[in-house]
Amino acid sequence: MRAARIHAYGPPDVIRLDDVDRPEPGPGQVLVEVAATSFNPTETALRAGVLRDLLGQDPPLPLTLGWDVAGTVVARGPGVHTPDVGDRVIGMIDAAAAEFTVAAADALVPAPASLALADAAALPLAGMTAWQLVERAALTPGERVLVNGAGGGIGGYAVQLARRAGAHVIATASARSRAAVLANGADEILDHTTTALAAAGPVDVVLHLVPAAEQRIAELVALARRIVSATNPIPGAPAAHVVTRNDPKHLAALADLVDRRELTVDVSERHTIADLPAIHRRGEAGDLRGKVVLRP
């Protein structure tokens, strides 16, 4: 089978499409035929070898990329009773950028029935991150919330979930992302390429989703009563730094919202895993919007 792997840390060109043996599920695992994975910007840091502090150690090489999976269960390992063979599933796992992958059975949840299976790969990591940011922010109806980075994959879900919590949502987005961010429910758009963040304020909460220079961090601190960040730790303000937890209960709740038409999955582009080097280059250049899914 084909798998997108790295054999060394470095630039996007280190990503190779290798022919490897199909894995076998062990105890507590299932084998998934992958419909798609999706691109997450943090994978560029993994590929470049700069996530070592967060992970605690270097993952063993060669390393198959892909943290999001959507696919169909084709075999079960010992001790697995659910999901069943033939079930459509999604989850946040390792090594999803391949034709087949193994995953812990309890890390997977049913895929939204109302969504094309490949597109459902856009939900796990970004959706759970947005859910946990909004949950940590403890929003109350009527609060003014600035979603800083609303044009990205996490941002699209964060705007929708903040609106669902009753907040008045101000979103930073470039002209390229404006229409999509408004469609996700933002009440106001602030073009961060032309306008200072101070124009949004004051606000009750900032959901901070993009890496920012010290000057921008200072603007956020002056703007908000509290900040919840998925990227920079924020010194000098009531702030929380959220690292995504792989919580299947959160993912199942998100899938349910999708099926109830209360959450939209915004897939901006569809490619194959052979295109991963180009997608990584574009991600590092800031040339992607929303979520990009990649089929085997």
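Could you list, in sequence order, all residues of segment 126-161 that are in a loop (DSSP other than H, G, I, E, B) and within 19 Å of VAL292 (Cβ to Cβ)? Correct list: GLY149, ALA150, GLY151.
Among residues that are in contact with a Pro (Cβ under 7 Å, 6 or more places away or on another chain) and in the same structural domain as ILE273 (by the TED database), VAL69 is not included. Regarding VAL243, is this residue at pLDDT below 90 and either farther than 27 Å from LEU263 by Cβ or of a type in the set (Val, Ile, Thr) (or both)? Against the criterion (at pLDDT below 90 and either farther than 27 Å from LEU263 by Cβ or of a type in the set (Val, Ile, Thr) (or both)), VAL243 qualifies.
Pairing each residue of segment 95-115 that is within 12 Å of ASP68 (Cβ to Cβ) with any residue that is aromatic (Phe, Trp, Tyr), provided the two are 6+ apart or on different chains, yields C-beta distances under 7 Å for ALA96/TRP67.
Reported count of residues in segment 253-274, each being open to solvent by less than 70 Å² (accessible area, probe 1.4 Å) and among the hydroxyl-bearing types (Ser, Thr, Tyr), is 2.
Just one residue in the set GLY155, GLY151 is in the same structural domain as ILE217 (by the TED database), within 20 Å of GLU43 (Cα to Cα) and open to solvent by 10 Å² or more (accessible area, probe 1.4 Å); that residue is GLY151.
Would you call GLY236 modelled with pLDDT under 90, closer than 18 Å to ALA137 by Cα and open to solvent by 20 Å² or more (accessible area, probe 1.4 Å)? Spelling it out, GLY236 is indeed modelled with pLDDT under 90, closer than 18 Å to ALA137 by Cα and open to solvent by 20 Å² or more (accessible area, probe 1.4 Å).
The values are calculated or read from the model by the stated rules, or taken from the named source; none is laboratory data. Fair warning: this is a prediction, and the values are worked out from it, not measured in the lab. Using ideal geometry, Cβ is built from the backbone for each residue, glycine included, and neighbour counts are taken over all protein chains shown. The protein model used for the area step is the full one, side chains on, heavy atoms only, and it has no ligands, DNA or RNA in it. Shrake-Rupley method; radii C 1.70, N 1.55, O 1.52, S 1.80 Å.
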